[in-house]
1. Give the residue that is surrounded by the most Cβ atoms within 10 Å (Cβ to Cβ), with candidates limited to residues of region B:21-77 that are without any contact (Cβ under 8 Å) to a residue 40 or more places away in the chain and among the β-branched types (Val, Ile, Thr).
2. Could you grab me the full set of residues in region A:57-68 that are over 15 Å from A:CYS90 (Cα atoms) and surrounded by fewer than 14 Cβ atoms within 10 Å (Cβ to Cβ)?
3. Which of (1) more than 12 Å from every other protein chain (Cβ to nearest Cβ); (2) free of Cβ contacts under 8 Å to residues at least 40 places away in the same chain; (3) under 14 Å from the mean Cα position of the chain (by Cα); (4) surrounded by fewer than 19 Cβ atoms within 10 Å (Cβ to Cβ) does A:SER51 not meet, given it meets every other one?
4. Collect the residues in region A:1-13 that are exposed (fewer than 13 other Cβ atoms within 10 Å of the Cβ) and either in contact (Cβ under 8 Å) with a residue 60 or more places away in the chain or within 26 Å of B:ASP110 (Cβ to Cβ) (or both), keeping them in residue-number order.
5. Check region A:82-97 and report whether any residue there is more than 11 Å from the chain's Cα centre (by Cα), under 24 Å from B:ASN51 (Cα atoms) and of a type in the set (D, E, K, R).
6. Which of the residues spanning region B:82-106 are part of a loop (DSSP other than H, G, I, E, B) and in contact with a Gly (Cβ under 8 Å, 6 or more places away or on another chain)?
7. Could you look through region B:81-102, keep only residues that are surrounded by 15 or more Cβ atoms within 10 Å (Cβ to Cβ) and of a type in the set (S, T, N, Q), and pick out the one that is nearest to the other protein chains (Cβ to nearest Cβ)?
8. Looking only at region B:103-117, count every residue that is free of Cβ contacts under 8 Å to residues at least 40 places away in the same chain and open to solvent by less than 40 Å² (accessible area, probe 1.4 Å) and tell me the total.
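The values are calculated or read from the model by the stated rules, or taken from the named source; none is laboratory data. Computed from a predicted structure; not experimentally measured. As a convention, Cβ positions derive from the backbone with ideal geometry for all residues, glycine included, and neighbour counts pool all protein chains shown. For accessibility, only protein heavy atoms count, side chains too; no ligands or nucleic acids. Shrake-Rupley method; radii C 1.70, N 1.55, O 1.52, S 1.80 Å.
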Amino acid sequence: DQQVKQNSPSLSVQEGRISILNCDYTNSMFDYFLWYKKYPAEGPTFLISISSIKDKNEDGRFTVFLNKSAKHLSLHIVPSQPGDSAVYFCAAIWGRAGSARQLTFGSGTQLTVLP
Amino acid sequence: GAVVSQHPSWVICKSGTSVKIECRSLDFQATTMFWYRQFPKQSLMLMATSNEGSKATYEQGVEKDKFLINHASLTLSTLTVTSAHPEDSSFYICSAREPGQGNQPQHFGDGTRLSIL
């Protein structure tokens, strides 16, 4: 039972345009969401996060939007650059503070930014 | 930024061999580290949570006698795949979280590609 879903395995975008990566979740107990970026043969790198009490968080070219009622979040990258080409994982956390709050990952979306 | 080092990056060995993978937090102390496994084109699946000074917590379906975890210090956790078989071939990644309330991002190692012949 996949609690975090990324339904698009791949996405191609032209350089300079906006990339929108989507993520859906089923567990209403999730209270914190993160996006990670992964290059081949490397571990994931943290990109941006959002708490469930917010609906938007922005960091430079990256913005994450959260729609709790729809159990949906998205990552917007604008403008997209060729160096953004990577696999992007959506992840979610739940659990009481102070415990080992674990990450549940989606299956990833391969973003390709075309020059 | 925080760095997690994982070693080795690639292992090829014969069936029946035991393989040890190390995960180190280089510039912070990690009371909790996590071990993941990733199959091709699939998500990272949490195998176990490694707790410094105590037993690891394994996810359902993960054999604790097969995947031995030791977290002997605040900067080192090891995963030993015992008597490895071809079906154990996978990409194993560790992560460590900086001390805090639980929302701090996990920092990942670069992973270990394990190939069992």
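1. B:ILE69
2. Scanning region A:57-68 gives A:GLU58, A:ASP59, A:GLY60.
3. Only one criterion is unmet by A:SER51, namely (1).
4. First, pick out the residues of region A:1-13 that are exposed (fewer than 13 other Cβ atoms within 10 Å of the Cβ): A:1, A:7, A:9-10, A:12.
Once the filter is applied, which keeps residues that are exposed (fewer than 13 other Cβ atoms within 10 Å of the Cβ) and either in contact (Cβ under 8 Å) with a residue 60 or more places away in the chain or within 26 Å of B:ASP110 (Cβ to Cβ) (or both), region A:1-13 yields A:PRO9, A:SER10, A:SER12.
5. Of region A:82-97, the ones more than 11 Å from the chain's Cα centre (by Cα) are A:82-86, A:93-97.
Restricting the remaining residues to those that are under 24 Å from B:ASN51 (Cα atoms) gives A:93-97.
Right, trim to of a type in the set (D, E, K, R) and you get A:96.
Yes, some residue in region A:82-97 is more than 11 Å from the chain's Cα centre (by Cα), under 24 Å from B:ASN51 (Cα atoms) and of a type in the set (D, E, K, R).
6. To start, the set of residues in region B:82-106 that are part of a loop (DSSP other than H, G, I, E, B) comprises B:82-85, B:89, B:98-105.
Of everything in region B:82-106, those that are part of a loop (DSSP other than H, G, I, E, B) and in contact with a Gly (Cβ under 8 Å, 6 or more places away or on another chain) turn out to be B:SER83, B:ALA84, B:HIS85, B:GLN101, B:GLY102.
7. First, the residues of region B:81-102 that are surrounded by 15 or more Cβ atoms within 10 Å (Cβ to Cβ): B:81-82, B:84, B:88-98, B:102.
Narrowing the set further to residues that are of a type in the set (S, T, N, Q) leaves B:82, B:89-90, B:95.
Working: B:THR82: 24, B:SER89: 15, B:SER90: 14, B:SER95: 7 Å.
The residue in question is B:SER95.
8. The first filter runs over region B:103-117 and keeps only residues free of Cβ contacts under 8 Å to residues at least 40 places away in the same chain, leaving B:103-105.
Still in the running and open to solvent by less than 40 Å² (accessible area, probe 1.4 Å): B:105.
The qualifying residues number 1.
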